[in-house]
Amino acid sequence: MKHLLKLSDLSSDEIISILNLADQLKYERKNGIEHPLLKGKTLGMIFQKSSTRTRVSFETGMYQLGGNALFLSSRDLQIGRGEPAQDTARVLSRYLDAIMIRTFDQSEVESLAEYGSIPIINGLTDYCHPCQVLADLMTIREYKHSFKDLKLTFIGDGNNMANSLMVGCIKMGMSVAIACPEDYQPDAALMKWAAENGNFTCTPNVPEAAKDADVLYTDVWASMGQEGEATKRQRAFEGYQVNETVMAAAHADAIVQHCLPAHRGEEITAEVFEAHANEIFDEAENRLHAQKAVLVKLLAEK
Ligand code: CP
Ligand code: NVA
């Protein structure tokens, strides 16, 4: 593995290997076993959008691995004034050991990888969020012990989260159902791939999608960059909510996952969120462990 640009670039075995290492690093961390595998290495973190979890988990993860992390806001970098990603990649490759970038266009992440000479990690684009889904898969396996015969249902916008979840869960052999309005479906090419490679459905019918789910997943109706569409989206997504009715259609022991931040009363009710808060915050914690595994794979296991 040279980069983490999107999950479709990784084989199922590569994903499992990251998850196994993440479990090991989590166990070591909880038991006070130091693992300074990235001593002397520096990760640059470029943010063109806001972040709580991604920023703090990457920064903390690098410190726990014995390395350093630099927070690089696009407001302060020349990239924010139009310096091309191609040039930024070649310059930063001379100083850093890896770059994590959160931005809008997937093409910008791919450009950094093409022009730079160091590993690039996608910390979220409009197209996908691979780091989040690695943490999600880690959490699902913690709660359910294996991926075998599991069904994940995603309710809401066919956005970056839906795109990455489809790919990650199908690669792990899970069934995936997406419930979304017809105008807000996930990426067409990824849906085609999912249907050809596993058990995948996409429907506007929420109860049908939620039936017999083992994992219920949702995300905000308006993602970063779509704030201007918030009112229109509130109307379009009415009913696309993880609530008691949806939970009743799922298996009795279904878990709830949310990448966060959550909007209670929109994509999830406050009651369901609080009833499943342990699962959701374990998922948030696992960002740290899963990303440390990615960093070790990219920077120490070469
Ligand atoms: N889930 C997630 O990526 O959170 P942040 O936007 O806070 O990084
Ligand atoms: N779909 C959301 C995910 C946030 C982690 C967004 O892109 O804003």
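Where Lys and Arg each count +1 and Asp and Glu each count -1, what net charge lies around Q64 among other residues with Cβ under 14 Å from its Cβ?
Values: positive: K26, R29, K30, K39, K41, R287, K292; negative: E28, E34, E59, E285.
Neighbour charge sum, excluding Q64 itself: +3.
Relative contact order of the stretch 54-184, please, whole-number percent, based on alpha carbon pairs below 8 angstrom and at least 6 residues apart.
Values: 163 pairs, mean separation 21.7, N = 131.
Result for the stretch 54-184 is 17 percent.
Rounded, prolate or oblate for the stretch 28-82? Axes are the square roots of the Cα gyration tensor eigenvalues, ordered a ≥ b ≥ c, and the cut-off for rounded is a/c under 1.5.
Details: a/c = 5.73, a/b = 2.15, b/c = 2.66.
Oblate shape, in that a/c is at least 1.5 and b/c is the bigger or equal ratio.
For the chain, pairs of C-alpha atoms spaced more than 29 angstrom apart make up 33 percent of the total. Its Cα gyration tensor gives the stretch 151-302 an equivalent ellipsoid. The semi-axes, each the square root of 5 times an eigenvalue, are 24, 19, 17 Å from largest down. Rolling a 1.4 Å probe across the protein heavy atoms gives the chain an accessible surface of 43 Å² per residue. Relative to one another, the C-alpha centroids of the stretch 195-273 and the stretch 67-89 are positioned 34 Å apart.
The residues packed around T103, meaning those with a beta-carbon under 9 Å from its beta-carbon, carry a net charge of -1 if Lys and Arg are +1 and Asp and Glu are -1.
Under the rule a/c < 1.5 gives rounded, and otherwise a/b versus b/c splits prolate from oblate, where does the stretch 254-296 land using the Cα gyration tensor? Mind dumping the intermediate values first?
Numbers: a/c = 3.73, a/b = 2.35, b/c = 1.59.
It is prolate, given that a/c is not under 1.5 and a/b is the larger ratio.
Rg and Dmax over the alpha-carbon atoms of the stretch 225-302 stand at 16.6, 49 Å. Rounded to the nearest 0.05, the FRET efficiency derived from the C-beta distance between N197 and E301 at R0 = 22 Å is 0.20. Once the Cβ-Cβ distance of D253 and Y63 is raised to the sixth power relative to R0 = 45 Å, the FRET efficiency obtained is 0.80. In this rough spin-label picture, where each label sits 7 Å from Cα along the Cβ direction, the S50-E274 distance is 2.4 nm.
Excluding same-chain neighbours fewer than eight residues apart, the lysines reachable from K148 by a Cα-Cα span under 26 Å are K6, K26, K171, K192, K211, K292, K297.
Could you work out the Rg to Rh ratio of the stretch 1-114, with Rh taken as the Kirkwood radius (inverse of the mean 1/r over all Cα pairs)?
Numbers: Rg = 15.2 Å, Rh = 15.5 Å.
Here the Rg-to-Rh quotient is 0.98.
Tell me the carbon and sulfur percent of the accessible area for the stretch 178-218, rounded to whole percent, probe radius 1.4 Å. Of all accessible area on the stretch 178-218, carbon and sulfur atoms account for 47 percent.
Taking the DSSP beta bridges with both ends in the chain, the antiparallel portion is around 0 percent. For the listed peptides 224-230, 98-104, 252-258, 66-72, a ranking on the average number of other beta carbons within 10 Å per residue, highest first, reads 98-104, 252-258, 66-72, 224-230.
Between 0 and 90 degrees, the angle of helix 188-197 with respect to the longest Cα principal axis of the chain falls at about 80 degrees.
Take the Cβ-Cβ distance between H35 and K2 as r, set R0 to 30 Å, and report the resulting FRET efficiency rounded to the nearest 0.05.
Details: r = 22 Å, r/R0 = 0.74.
Efficiency, from the Cβ-Cβ distance: 0.85.
What does the charge add up to near T139, with Lys and Arg as +1, Asp and Glu as -1, over the other residues with Cβ less than 14 Å from its Cβ? Once positives and negatives cancel, what remains is -3. Note on the stretch 92-210: Kirkwood radius taken over Cα pairs, Stokes-Einstein applied at 25 °C and 0.890 mPa s, translational D equal to 160 µm² s⁻¹. Scan around F154 for amide H atoms under 5 Å from its own, H built in the peptide plane at 1.01 Å from N, and keep only partners 5 or more places away or cross-chain. Amide H neighbours of F154: A177, I178, A179, Y217. A simple spin-label model places the labels of E238 and Q24 5.3 nm from each other, with each point 7 Å out along Cα-to-Cβ.
Working note: 222 nm ellipticity from helices only, DSSP H runs with n ≥ 4, each -39,500 (n - 2.57), summed and divided by the residues of the chain, gives -13500 deg cm²/dmol to the nearest 500.
Helix 130-144 axis versus longest C-alpha principal axis of the chain: approximately 50°, rounded to the nearest ten.
The values are calculated or read from the model by the stated rules, or taken from the named source; none is laboratory data. Nothing here was measured: the structure is a model prediction, and the numbers come from that model. Neighbour counts are summed over all protein chains in view; Cβ atoms, including those assigned to glycine, are modelled from backbone coordinates with ideal geometry. All accessible areas refer to the heavy atoms of the entire protein, side chains included, with ligands and DNA or RNA removed. Shrake-Rupley method; radii C 1.70, N 1.55, O 1.52, S 1.80 Å.
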